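A short write-up of the structure that comes next.
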């Protein structure tokens, strides 16, 4: 799995049906129709997310790691 920036991960989630709900500081909160919980993605400029954080966000969103 390639390390992504927060903005790139937000784009991946949006392709899977997640929509931007709001931005709180440097964290993007996304929601999806029919889902109870929201997914939060830290966006700190062009810094890449650590792979553990990236996997945890994708798992919480129900998106495969491909």
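Please treat every number below as a calculation from the coordinates, not as lab data. Predicted model, so just to flag it, every value in this text is computed and none were measured. Glycine also receives a Cβ, built like all others from the backbone with ideal geometry; neighbour counts cover every protein chain displayed.
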How many residues are assigned to a loop (DSSP other than H, G, I, E, B) and surrounded by 13 or more Cβ atoms within 10 Å (Cβ to Cβ) if we restrict to the range 23-43?
4
Report whether or not residue 65 is outside any helix (DSSP H, G or I), out of contact with any strand residue (DSSP E or B) (no Cβ under 6 Å at 6 or more places or on another chain), in contact (Cβ under 8 Å) with a residue 60 or more places away in the chain and surrounded by fewer than 11 Cβ atoms within 10 Å (Cβ to Cβ).
yes
For the range 1-17, give me the residue count where each residue is under 18 Å from residue 62 (Cβ atoms) and part of a loop (DSSP other than H, G, I, E, B).
4
In the set 53, 20, which member is free of Cβ contacts under 8 Å to residues at least 60 places away in the same chain and in a strand (DSSP E or B)?
20
